[in-house]
Amino acid sequence: MNSMVHIFFETKNLIVRQYTMNDVAGLYEVMSNPLVHQYTKDKNKPWDKYKTEQYIQFFIKKNFITLDCFHGAIIEKTSNKIIGLTGLNPYKVDEPEIEWKLDVSYWNKGYATEIGREIIKQAFKTTNITGIYGMADPENIASRRVLQKIGMKYMGIDEFRNQKDVFYYIGRV
Ligand SMILES: CC(C)(COP(=O)(O)OP(=O)(O)OC[C@H]1O[C@@H](n2cnc3c(N)ncnc32)[C@H](O)[C@@H]1OP(=O)(O)O)[C@@H](O)C(=O)NCCC(=O)NCCS
């Protein structure tokens with residue numbers, strides 16, 4: 001790995017770092033599976049190589065460093081593989097929205113929970129954000145469970161990206 005690549009944070013099992021163009025094949029493997037998009041705005045629209053390349057290029061250009069707004073690759077330490085993506089997307093002023101997408105074969109290992117907890121801890125410690133939102137399709141049980149496990153409170157149903165989503169929120173303590 002290029003030593004200039006910024007590492008956003010590290011957990012017991014995972015590293016979240018900036019993308020490099022070498023991630024295209026690995027992220028394509030994750031995002032070309034329709035199951036990953038079952039409950040998201042890309043509903044049943046698996047990514048192709050071109051979209052994956054554009055996406056990675058976009059975030060390399062953005063060069064996010066701080067955790068108030070960022071996007072990065074999730075690397076599993078033991079396999080050194082890219083197993084998904086995560087980030088905080090702009091939503092309200094100083095209140096971003098959390099996102100994760102993991103390769104299907106890495107689900108239910110506690111990885112999203114591990115990342116979510118670290119984002120909450122580090123983002124509140126190192127930036128001025130005042131809260132973090134989490135939205136999910138009401139039927140996305142795994143996502144809802146993770147949002148709950150990382151300490152977010154259920155806020156109700158509202159419109160988000162042209163669909164009715166359940167909203168969760170955690171404020172700075
Ligand atoms: C949502 C997602 C990120 C969760 O990642 P993960 O690493 O598997 O999550 P964790 O292992 O930390 O926790 C999953 C929890 O959901 C539970 N769960 C999963 N599927 C379930 C189901 N069908 N019914 C009930 N509980 C379920 C697991 O048991 C676990 O809870 P527990 O620890 O109380 O047992 C992952 O499923 C994913 O990438 N999905 C596709 C993309 C997506 O929908 N992202 C979220 C919106 S951006």
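A short reminder: the numbers here are calculations on the coordinates, not readings from a lab. Values in this document were obtained by computation on a predicted structure and should not be read as measured data. Here the Cβ is made from the backbone with ideal geometry for all residues, glycine too, and neighbour counts use every protein chain on show.
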Exercise. Computed over the Cα atoms, what is the radius of gyration of the chain divided by 2.2 N^0.38 Å, N being its residue count?
Worked result: 0.97
Exercise. Where a Cα-Cα gap under 28 Å defines reach, which lysines qualify for Lys77, not counting those fewer than 8 residues away within the same chain?
Worked result: Lys12, Lys49, Lys51, Lys61, Lys62, Lys101, Lys109, Lys121, Lys125, Lys149
Exercise. Looking only at Glu53, Glu118, Glu159, which one moves most when the chain is put into a Gaussian network model with springs between Cα atoms under 10 Å?
Worked result: Glu159
Problem set entry | Helix-derived mean residue ellipticity, 222 nm - over the chain, DSSP H n ≥ 4, -39500 (n - 2.57), to 500 | -8500 deg cm²/dmol
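Between Thr130 and Ser105, what is 0.36 nm times their sequence separation minus the Cα-Cα distance? Round to one decimal in nm. Walk me through the numbers on the way to the answer.
Details: separation 25, 0.36 × 25 = 9.00 nm, distance 3.40 nm.
So the extension gain works out to 5.6 nm.
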Exercise. Spin-label point model (7 Å from Cα, Cβ direction): what's the Phe58 to Met21 distance in nm?
Worked result: 1.9 nm
